[in-house]
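Note sheet for the following structure.
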Amino acid sequence: MTIENSQPNALRAASEDLTVYYFNLVPCPAPRMVQSDKWKKRPCVVRYFTFRDELQRQANQQGFTLCNGLTYIFLLPMPDSWSKKKKDAMRHQLHEQTPDIDNLQKSLMDGMLSQDKAIAHIQNIFKLWSDSGQIIIIKPWNEWTNGSLELIQDLIKNPKDYNIFDNRKR
């Protein structure tokens with residue numbers, strides 16, 4: 001999908017109020033816990049707790065806290081078995097397979113909050129294919145995109161074209 005040339009420039013001007021947080025880790029869905037997980041360390045549970053600890057570490061490093069009105073973008077890595085042609089075709093397209101988007105959201109919220117009752121509104125959630133795993137959180141998400149997939153794809157492909165504040169520590 002392409003974006004008209006005039007549209008992104010107007011939107012980029014409105015994006016000055018955005019803060020973008022990058023979490024460089026593969027999104028991990030929250031597993032369904034069972035009583036035996038206390039002593040029997042299933043691989044999915046160990047993977048989730050490792051994900052949660054790294055998510056908290058990166059959030060503290062960037063000074064990030066969850067709040068209402070955020071947009072979450074989950075970038076999931078493409079399988080190594082895919083051909084280069086298929087990877088090029090699927091890059092930054094909607095990821096319509098498991099893990100489910102609600103499980104990714106749950107793992108993110110559970111990993112960052114002791115109680116998620118404080119979050120009453122999430123603006124948008126996207127799950128896209130990418131070369132590597134990453135979570136991008138945009139705060140605040142203004143009306144300038146209105147949840148447009150094309151603009152999300154443009155933001156991911158060309159972050160330097162947007163006048164946004166990048167919180168990654170270098």
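The values are calculated or read from the model by the stated rules, or taken from the named source; none is laboratory data. These numbers come from a predicted model, not from an experiment. Virtual Cβ from ideal backbone geometry, glycine too; neighbours counted across all protein chains shown. The protein model used for the area step is the full one, side chains on, heavy atoms only, and it has no ligands, DNA or RNA in it. Shrake-Rupley method; radii C 1.70, N 1.55, O 1.52, S 1.80 Å.
Residue count for region 51-62, restricted to those that are closer than 19 Å to GLN105 by Cβ and either open to solvent by 80 Å² or more (accessible area, probe 1.4 Å) or free of Cβ contacts under 8 Å to residues at least 12 places away in the same chain (or both): 1. Taking region 17-48 as the range and being open to solvent by 80 Å² or more (accessible area, probe 1.4 Å), over 21 Å from LYS139 (Cα atoms) and in a helix (DSSP H, G or I) as the test, the residues that pass are GLN35, LYS38, PRO43, ARG47.
LEU75 - would you say it is touching a strand residue (DSSP E or B) at 6+ places or on another chain (Cβ under 7 Å), at pLDDT below 90, closer than 21 Å to CYS44 by Cβ and surrounded by 18 or more Cβ atoms within 10 Å (Cβ to Cβ)?
Details: touching a strand residue (DSSP E or B) at 6+ places or on another chain (Cβ under 7 Å): yes; at pLDDT below 90: no; closer than 21 Å to CYS44 by Cβ: yes; surrounded by 18 or more Cβ atoms within 10 Å (Cβ to Cβ): yes.
It is false that LEU75 is touching a strand residue (DSSP E or B) at 6+ places or on another chain (Cβ under 7 Å), at pLDDT below 90, closer than 21 Å to CYS44 by Cβ and surrounded by 18 or more Cβ atoms within 10 Å (Cβ to Cβ).
Looking only at region 65-84, decide whether some residue is farther than 17 Å from LEU25 by Cα and of a type in the set (Lys, Arg). Scanning region 65-84, I find at least one residue that is farther than 17 Å from LEU25 by Cα and of a type in the set (Lys, Arg), so the answer is yes.
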